[in-house]
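Single-structure report; data block below.
The values are calculated or read from the model by the stated rules, or taken from the named source; none is laboratory data. None of these values were measured; they are calculated from a predicted model. Ideal geometry is used to build each Cβ from the backbone, glycine not excepted, and the neighbour counts take in all protein chains shown. Please note that ligands, DNA and RNA were not included when accessible areas were found on the heavy atoms of the full protein model with its side chains. Shrake-Rupley method; radii C 1.70, N 1.55, O 1.52, S 1.80 Å.
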Amino acid sequence: MPPERAGGRQPETPQGMGGVPLTRAVGSPRPDSPEGWLAMKILTRTDFHAFVNALIRDSGMEVEGVKAKGLKYAFGPLETAEDLRLDYDVTILPPKKYFLPQYETMMTFDLANPFAARQPDFPARRVLIGVHPYDIAALRQMDSYFLDTEMSAAYLKRRKNTLIVGSDVLSVPERAFFGCMGTGTVPSGFDLFLTDLGEKVAIEIGSEEGARLLRFAAGLREATPVDVQKVKALRASAASKAMRGLKVRPQGWHDLLEKNFDSPVWSEQSARCLGCGTCTLVCPTCFCYDVQDDINLDLRTGERRRTWDGCLLRQFTEVGSGEVFREDITDRYRHRFHRKGRYLPDRLGFVACVGCGRCGMQCIADAADPVLLINRLFDVSPHLVEESVMDPQTVRTDLREIASPEEVRPLHLPSPATVVRVETLTDRERLFEIALDNGRPLGHAPGQFVEVSLFGTGEAPISVASHPGGPTFELVVRRVGDVTTRMHALKAGDKVGIRGPFGRGFDVHALKGRNLLFIGGGLGLAPMRSLINHVLACRDDFGEVSILYGCREPREVLFRDEVAAWAKRPDLQHKKTVDRCPNDVPWDGEVGVITTLIPRIRFDPRGTVAIIVGPPIMYRFVIRDLLKLGMPERNIIVSLERRMKCGVGTCGHCQIHGICVCKEGPVFNYADIKDLPEAFA
Amino acid sequence: MKPRIAFFDFASCEGCQLQVANLEETLLDVLRLVDVVSFREVMKEHADDYDIAVVEGSIARPMDEERIRAIRARAKLLIALGACAHLGGVQRLGNRWTPEQNKKAVYDGADGNDIGDNNPFFEKPRHRALDEVVKVDVVIPGCPVNRDELARVLVALLTGRRPPIPDYPLCVECKKKENVCLFTIGKVCMGPVTRAGCGAACPTYGNECEACRGFISHPHADAQIDVLRKHGLTPEEILSRQTLFTARHLEQQGKVS
C-alpha cells in the first residue's frame, strides 16, 4: 500500500468482495419485508410497459434503456417500452458513457477572451433502465475513482442527474464471470431494480427518488413471499452461471500479479494483442482520458474536449519530445492487468474489474479475457498464491452525501496569468517569467510543475524553474510540440492559463543541514534550479554544495550567467561538461559524459544527498556510479519526466506502475522507486 | 492576406477533390480562410501563384514527376490529399506486374484494334506516393478523404498547429461509436491496424474497413494476420486485404515486390 490513500479519506462502508456495498445507501429495510429486503412491488407485464411509456411521455426526463443493436445490445434513448430488452446479456459499451462520455466538451471559449470559457449545459434529468448489477458495481467504483481522487464537477452533475433502474441478468454473457467477482447482485446503488419474471415484473425500491418514479405506474401491488423467492432463485442461478472457473479469487490477484511481474506469460499473451485499445474502451472500470483543444473554422472560437484514452495504445505515454515510456506492447498489456488487479486496489481498495466479460468477448485476438490471463498466471505459479492478501474490497460512501456540484471546483479550469518577461536561453529553450492575474504568488515548492494552458492548442506540463517566493515564477520551455511552439511565440503582456502547482517537489526541510550534490543533465537543470537558487539564497542552512551540470554541446548551456557565477563562488564546487564540443567553439568546461565529473569533486558519498534531474538515460549511469561510491540509496533524489496531462491523478497517462507521477512525484526518493522496473526503463 | 491555395490531381479518381467541393455549408467557412486560385473541378480560372498546393493522385509517368516537382517548387506547403497521394492508391497493385503484363491484361482480346500502344499511361506505370518523389508537408489520408478532417487540418495549419491526424487504430473510433464489431458477425476488417480519423465510417455502416487510410505507425501486423487466419482467410486472401491500399507498407517491409 502507498503511504497514504489518495484523497486521504478512509473507506467508511464495509463491503462485499466484488466492490459491493453491504450497507444500504438510501432508505431502510421495511420491517415487514422478508429478510430485510427493500420494498418490492409487482407490476404485470402490460402495466410495466405502460409505466415505461408513461416515463417516456410524462416524466420530463430523458429515458434511456437497453435496446437491440444488430445482434448485440446498447443503451440508447427509448422511444417506446417495446424497445426495452430486459433479456439482454451485455451491452457493447457500459453505462459509463453517460457519466464520462466518449467525447465531452469541457469548455467552449472565444480566443479573444478565453478565460470567460463556459462549461456546457448538462442534460436534463435522465433515467437509465436496465442496468445490470455488475455495471452498478462499476459505477460505484467510478464514483470512488473520480470523487476520491479529485472532484469532477461534470461527472458529479451527470451522476446526480441520473436515476438508475437496475435489472437482473436473465441471459448470462458468454465471457462473464461476475459470479466470481461478487457483482452478480447489488444491495444498493440503484433507485429502482427490476426483475423480469415473465408475466410480471418485480420492482425493488432503492431510494426515495426511485419510489417517486413509481407515481407513473398504475396497478402496483406488493410482492408476496413467493415473488421474492422467485427473484432470489433467478439471481442465484445467474450468479452461479457466471463463474467460468476463475482459479484465483479477486483478493488474490494483487499477489499473483505482483509476484509474476517478470513472468514470460506477459510476452506470450501479448504476442496476440493487436494493441487496438478495445479492452480498455469497453471496460466499465477503465476511466483514462485525453484532453484536446479544437478551433472552429471561424478561427476564433473553440472548445476543449475530453475523450476516452487507453493504456494499450502506444501514444498513451508519449511526451512532447517523442519519448514513449511503454513502447513495448508487452509492457502496455501487463500494465492494464496490473492497474486493474494491483494499482487501483492499492489506491482505492478494490479490484477494478466487475466480471462483465466485455473485454474477453470483444477482443478479436482473444488476448484480453481476465479469466484466461489470471488462470494462466496461476497455472505457471500456483505456489505463489496466498489467500486474502488484500483487505476486503471497499468502495466509498454514497454519492448523494458528497458535496453538491456547485461547491466543487471544476477540474481543468486554468487561472489567467500574464507573461512578464521572455528571455531566449538557447536555440530551443526560452525562459518565461509569469505572474498570476489574481496577484498572488504561485505558492510552489521547488520541483513542482504547472500545466500551461494555451486555449486552442492545449496544455503542457512545465517544471517551475524559479525558487519559491516572489510575485512571479519562471518556466523554461523547450520547443518540442504544439503548445511549446506556440509558447515560443509569446511576448511580454500575452496571456496564458496556469493550473497548479502540482505534484510533490523537493523536501526542502529534510535537506536542511545536509551536504548536497546536484547532478543536472540538459533541460533537467530547469526544475533543479528552483532548488539550487533556494539553497544558494539560504546558503547557511545547508552543508557543502556541489553542482555538476552537463549538456550535449556548449550552445545548449542554460542560464549561462548563473552557471558562470557558480564557478566563482567559494562556497560551492562546480563542474560542467558537454558530450561534444565543436573545434571552433570556446568552452571552459570538460568534455565527456556527466558521470566523468563525479570523481573530479570532493564529497563524502555517505554523508551527501544527491539530487539528480536529467534525461531518462542519465539516471541509470549516474545512480550506478554513486552507489558504487557507497552513497546510500535513500540519499538519492530524482525527478522523473512522464506525460502529466491532468495533473490530479485521474487521466492515467503519467503512471509508473501504480504511482501517479503528477501527484506522488515528479520528485522521488530513489529508495522508494528503485524496485519499480518501469521507473528507469 | 489569406493564403492562396491550389488543387492539383495526378493518377486518381478525383473523388477527394469532390469531397472538398462537397463541403457544402462548411465550404463557405473555408473560403473565408483561404483564396482558392486553382481548382479545376469547380472553377475555370487558374493561377500559378499559390502558397498551399493540395495534390490528389499517385505519380506514375516521367511527365507526372516533372509536373509534381514544379508544383513543389512553387508551393510553400504541399498537402497530399487522399490515399493515392498518400500511399499510391489501389493502382499501386499494378506495380506487382510489368507494364507489358498490365497492358496485355487491360487490352488483349478486349478490342482487336487497340492494343494500347499509344496510351501514355503505360509509359512507366510504377505508381508512387507523392512523398516518394517530392517532400510532402502534410498528409490527409483516406479514400476518399474525410471532409471534417480536411477542415480540421486546414484550421490547424492556419493556427500553427500540427495537423490532428490520429495515430491510433480505427477500433478506437469504432468502439466509441458503439458499433457492433464486424468480426463478431462473421465479417473481417482491417480496423485494428488502420489509422483512425474517418470516424470508422465504413464499419459504422456495416462495411469492412479496407485500410484506405494506411496503417498506424506501429501496427501489430502479425497479430492481425493471426486474427484474419483464425477467421478463415487464406494466405492469398490475407495478402489481398493487406495490399488493396497498403501495398506500400508491405513493400517497405520487403514482403511484396
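Before moving on, here are some points about what is shown:
- Kirkwood hydrodynamic radius over Cα pairs of the protein assembly as shown, then Stokes diffusion coefficient at 20 °C and 1.002 mPa s, in µm²/s: 69
- In terms of accessible area, using a 1.4 Å probe and ignoring ligands and nucleic acids, A:Met243, A:Met107 rank largest first as A:Met243, A:Met107.
- Taking the 1.4 Å solvent-accessible surface of chain A as the whole, the part contributed by carbon and sulfur is 51%.
- The stretch A:168-210 and the stretch A:58-72: distance between their alpha carbon centers, rounded to Å: 17
- Accessible solvent surface per residue of the protein assembly as shown, calculated while the other protein chains remain in place, 1.4 angstrom probe, Å²: 40
- In loop segments of the stretch A:591-646 as defined by DSSP, the trypsin sites (Lys or Arg not before Pro) with at most 13 further C-beta atoms inside 10 Å of their C-beta are A:Arg602.
- Fully extended contour minus Cα-Cα distance, from A:Asn583 to A:Lys491, at 0.36 nm per residue: 29.6 nm
- If both residues of a DSSP beta bridge must be in the protein assembly as shown, then about 60% of such bridges are antiparallel.
- List A:Arg235, A:Arg569, ordered by accessible area with a 1.4 Å probe, largest first: A:Arg569, A:Arg235
- Taking a straight line from the alpha carbon of A:Lys230, these aspartates and glutamates sit under 16 Å away, with near neighbours fewer than eight places off in the same chain left out: A:Glu35, A:Asp168, A:Asp196, A:Glu199, A:Glu204, A:Glu222.
- Burial annotation for the stretch B:194-227: residues with an accessible-area loss of at least 30 Å² between the isolated chain and the complete set of protein chains, computed on heavy atoms with a 1.4 Å probe, are B:His218, B:His220, B:Ala223, B:Val227.
- Backbone HN-Hα couplings from phi across the stretch A:570-582 [Karplus 6.51/-1.76/1.60, Hz, Gly and Pro as x]: x, 9, 8, 9, 9, 9, 9, 8, 10, 5, 8, 9, x
- Exposure of A:Trp266 as accessible area (Å², to 10), given a probe of 1.4 Å and all protein chains: 0
- Comparing the full protein assembly with the isolated chain, the residues of the stretch A:256-291 losing at least 30 square angstrom of accessible surface (1.4 Å probe) are A:Arg272, A:Leu274, A:Cys276, A:Thr278, A:Leu281.
- Order of exposure, largest accessible area first, which applies to A:Met61, B:Met63, A:Met181 with probe 1.4 Å: B:Met63, A:Met61, A:Met181
- For A:His132, distant residues with modelled amide H under 5 Å away: A:Ser167
- Charged side chains reduced to their Cβ positions (Lys and Arg at +1, Asp and Glu at -1) give chain B a dipole of some 740 debye around its Cα centre.
- Residues of the stretch A:326-371 that bury at least 20 Å² of accessible area when the other protein chains are present, relative to the chain alone (probe 1.4 Å, heavy atoms, ligands and nucleic acids excluded): A:Gln362, A:Ile364.
- Distance between the 7 Å Cα→Cβ label points at A:Ala236 and A:Asp121: 5.1 nm.
- Amide H contacts of A:Met106 (H built 1.01 Å from N, in plane; Pro and chain starts excluded): A:Arg304, A:Arg305, A:Arg306 sit under 5 Å, all sequence-distant by 5 or more or on other chains.
- MRE, 222 nm, helices only [DSSP H, n ≥ 4, -39500 (n - 2.57), over the protein assembly as shown, to nearest 500]: -8000 deg cm²/dmol
- Sulfur and carbon atoms: percent of accessible area, the stretch B:170-252 [1.4 Å]: 54
- Using the Karplus relation 6.51 cos²θ - 1.76 cosθ + 1.60 with θ = phi - 60°, the per-residue 3J(HN,Hα) values for the stretch A:344-350 come to 5, x, 4, 7, 10, x, 9 Hz, with x marking Gly and Pro.
- Annotation for the stretch A:212-282 versus the stretch B:24-86: alpha-carbon center distance of 55 Å.
- Here chain A is assigned +1 on the Cβ of each Lys and Arg and -1 on the Cβ of each Asp and Glu. Its dipole about the Cα centre then comes out at about 280 debye.
- Only protein heavy atoms count here; under a 1.4 Å probe, B:Lys230 has an accessible surface of about 140 Å².
- Positive-end residue of B:Ala196, B:Ser240, B:Pro219, charge dipole of the stretch B:170-252 with Cβ unit charges: B:Ala196
- Listed peptides A:368-378, A:579-589, A:121-131, A:514-524 by packing density, highest first (mean Cβ within 10 Å): A:514-524, A:368-378, A:121-131, A:579-589
- In this view, the solvent-accessible surface of A:Val613, computed with a 1.4 Å probe and all protein chains in place, comes to about 10 Å².
- Area hidden from solvent between B and A (accessible, protein heavy atoms only, 1.4 Å, total, Å²): 3200
- Label-point separation, A:Ala271 to B:Ala47 (7 Å along Cα→Cβ), nm: 6.1
- Most positive-pole-ward Cα, A:Asn53, A:Pro586, A:Leu372, against dipole of the protein assembly as shown from beta carbon charges: A:Pro586
- In this structure the amide hydrogen of A:Arg504, modeled in the peptide plane, comes within under 5 Å of the amide hydrogens of A:Gly665, A:Val667, none closer than 5 places in sequence on its chain.
- For the stretch A:186-194, the Karplus equation 6.51 cos²θ - 1.76 cosθ + 1.60, evaluated at θ = phi - 60°, returns couplings of 9, x, 7, x, 9, 9, 9, 9, 9 Hz by residue, with Gly and Pro reported as x.
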